[in-house]
1. In terms of modelled amide H atoms, which long-range or inter-chain residues lie less than 5 Å from the amide H of Leu19?
2. With +1 on each Lys and Arg Cβ and -1 on each Asp and Glu Cβ, how big is the dipole of region 1-141 about its Cα centre, in debye rounded to the nearest 20?
3. With the full set of protein chains in place, find how many percent of the accessible area of the chain is carbon and sulfur; take the probe as 1.4 Å.
4. Take the alpha carbon gyration tensor of region 32-159, find the square roots of its eigenvalues, order them as a ≥ b ≥ c, and report rounded if a/c is under 1.5; if not, report prolate when a/b exceeds b/c, else oblate.
5. Among Val123, Val24, Val109, which one moves the most in a GNM of the chain with springs linking Cα atoms closer than 10 Å?
6. Give the long-range amide H neighbours of Asp122: residues separated by 5 or more places, or on another chain, with amide H under 5 Å away, using H modelled in the peptide plane at 1.01 Å from N.
7. Run the lone-cysteine check on the chain: no other Cys C-beta under 4.7 Å from the residue's C-beta.
8. Tell me, what ³J(HN,Hα) does each residue in region 112-127 have, in order and in whole Hz, if you take phi through Karplus 6.51 cos²θ - 1.76 cosθ + 1.60 with θ = phi - 60° and put x for Gly and Pro?
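The values are calculated or read from the model by the stated rules, or taken from the named source; none is laboratory data. Computed from a predicted model, the values in this text were never measured in an experiment. Every residue, glycine among them, receives a Cβ derived from its backbone with ideal geometry; neighbour counts consider all protein chains shown. Heads up: the accessible areas ignore ligands, DNA and RNA and are worked out on the full protein's heavy atoms, side chains in. Shrake-Rupley method; radii C 1.70, N 1.55, O 1.52, S 1.80 Å.
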Amino acid sequence: MATPEFIRRLRATAGHQLLFLPGVSAIVFDEAGRVLLGRRADTGKWSIIGGIPEPGEQPAATVVREVYEETAVECVAERVVLVQGLKPVEYPNGDRCQYMDITFRCRAVGGEARVNDDESLDVAWFSVDALPDLNEFALLRIKQALTDEPTWFEPTTQL
């Protein structure tokens with residue numbers, strides 16, 4: 001994932017300390033009910049599309065922008081399917097981040113799926129019953145996007 005310029009500026013003074021950041025994920029379906037996935041350049045693995053909002057950008061606008069930037073697919077954000085605080089991650093350069101992910105169910109409305117930036121090695125549509133190997137992060141989000149249930153979130157722990 002390319003680091004947004006505003007985070008590079010933060011890192012100039014914050015160093016490698018933990019940053020709590022918003023993130024968005026997109027579960028994009030086409031008319032045939034297939035889901036759009038990208039094979040990440042950093043890991044070589046298939047995953048859902050996602051990114052970080054720019055300052056002042058609404059999460060739904062971010063998800064639409066990220067899908068287009070990475071896949072050339074135009075989409076509409078239909079609803080929030082999941083909100084989850086993720087565990088902290090440490091990148092190879094020592095930077096530490098913790099993301100609050102907002103996942104949207106999206107509908108493709110135009111464009112042809114293709115690699116559209118340097119973040120992906122491949123982009124493709126997959127039938128939900130023939131998905132490539134995906135991590136639990138992506139599988140949970142796809143599962144929730146396929147339901148009509150209210151927005152999923154981690155339950156609170158009783159004190």
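1. Arg96, Cys97, Gln98
2. Dipole about the Cα centre, nearest 20: 400 debye.
3. Carbon plus sulfur share of accessible area: 53 percent.
4. rounded
5. In this elastic network of the chain, the residue with the biggest mean-square fluctuation among Val123, Val24, Val109 is Val109.
6. Arg39
7. So far as the 4.7 Å Cβ criterion goes, Cys97 stand without a partner in the chain.
8. Running phi through 6.51 cos²θ - 1.76 cosθ + 1.60 with θ = phi - 60° gives 10, 4, 7, 5, 10, 7, 8, 8, 10, 8, 7, 9, 7, 9, 10, 5 Hz.
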